[in-house]
Amino acid sequence: MRRFRYLDALTTAFVVILLVANLVAQKVFRVGPFHLIGSLYFPAISTSGAMVLFPITYIFGDVFTEVYGYAASRRAIWLGFFGTALLYAVSALVIALPPDPEFRNQQAFITVFGILPRILAASLIAFWAGEFANSYTMAKLKLITRGRWLWTRTVGSTVVGQAVDTTLVILITFAGTFTPHKMVEIIITGYLLKVAYEVAATPLTYLVVNWLKRAEHSDAFDAHTNFSPFRFAGEKAGQVENL
């Protein structure tokens, strides 16, 4: 199996960013309202603290698939999935432990690290499905475009992956709590913000991808890859065609 200089470091960074995004997700902040050029007006919107970091995980997914191949992205997604599950499990265990009488911050600890089972399920399912949809779309579009027009893949994969992720997380979390109209509103708002984030980050993605391709001497094309998310044998990172 070919060894890459930066793949392990990037995978670690991906998992860390994902874990931090989950920790700050409970903070809700408000953006706007504000005016842009002329009469263009944006109303105030509220969104989760995870919005600061979570879309970056999709950029990582694009980089993994573009430079190292779908198998590298698949490995990172599963590491992120199990890392997040472990974070939640350990948090629940520590919360359940009886606090020392001199520990005065039990409720604050619960507020930060506590999570409802339904939200946990929504987070894990949406992350898993959305990231795999993103990487699959990225790999297939690269074959279709024969490696040209990177922006079509980074934006196109985000359009698909974030649609899956945002829809699942809102439906699983709020079904039966909010009206269908309100859930659609939340889905559309979150989805547009995430896609806009990816579009704005396109120049940075170009810089990172082009630098890594030169540094790693790798430009992966998944021409014969088994795209099952559950396949762990066979294709390895880097064992793809470089057309």
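Is there a residue in the range 167-181 that is touching a strand residue (DSSP E or B) at 6+ places or on another chain (Cβ under 9 Å) and either modelled with pLDDT under 90 or surrounded by fewer than 18 Cβ atoms within 10 Å (Cβ to Cβ) (or both)? Checked against the condition, which is being touching a strand residue (DSSP E or B) at 6+ places or on another chain (Cβ under 9 Å) and either modelled with pLDDT under 90 or surrounded by fewer than 18 Cβ atoms within 10 Å (Cβ to Cβ) (or both), the range 167-181 yields at least one hit.
This table checks each residue for (1) among the β-branched types (V, I, T); (2) at pLDDT below 90.
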residue	(1), (2)
Y197	no, yes
V208	yes, no
L212	no, no
A220	no, no
R231	no, yes
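Scanning the range 103-152 for residues that are in a loop (DSSP other than H, G, I, E, B), under 27 Å from F174 (Cβ atoms) and either of a type in the set (D, E, K, R) or out of contact with any helix residue (DSSP H, G or I) (no Cβ under 7 Å at 6 or more places or on another chain) (or both) returns a single hit, L116. Of all residue pairs spaced 6 or more apart or on separate chains, those with beta-carbon atoms under 8 Å, a first member in the range 105-132 that is of a type in the set (K, R) and a second member that is in a helix (DSSP H, G or I) are R118/I172; R118/T173. In the set V195, V155, V208, V199, only one residue is closer than 16 Å to F60 by Cα, β-branched (V, I, T), in a helix (DSSP H, G or I) and open to solvent by 60 Å² or more (accessible area, probe 1.4 Å); that residue is V199. Among the residues of the range 11-42, those that are modelled with pLDDT of 90 or more and open to solvent by less than 40 Å² (accessible area, probe 1.4 Å) comprise T11, A13, F14, V15, I17, L18. Scanning the range 122-137 for residues that are open to solvent by 40 Å² or more (accessible area, probe 1.4 Å) and either among the hydrophobic types (A, V, I, L, M, F, W, C) or modelled with pLDDT under 95 (or both) returns I125, W128. L141: among the aliphatic types (A, V, I, L, M) and loosely packed, with under 13 Cβ neighbours inside 10 Å, yes or no? No.
Pairs meeting the criteria (first residue in the range 75-90 and over 15 Å from T12 (Cβ atoms), second residue among the basic types (K, R) and assigned to a helix (DSSP H, G or I), beta carbons under 7 Å, at least 6 apart or on different chains) are lacking.
The values are calculated or read from the model by the stated rules, or taken from the named source; none is laboratory data. Remember, it's a predicted structure, so these values are computed and weren't measured experimentally. Don't worry about glycine lacking a Cβ; one is built from the backbone with ideal geometry, like all the others, and counts go over all protein chains shown. Keep in mind that these areas ignore ligands, DNA and RNA; they rest on the heavy atoms of the full protein, side chains included. Shrake-Rupley method; radii C 1.70, N 1.55, O 1.52, S 1.80 Å.
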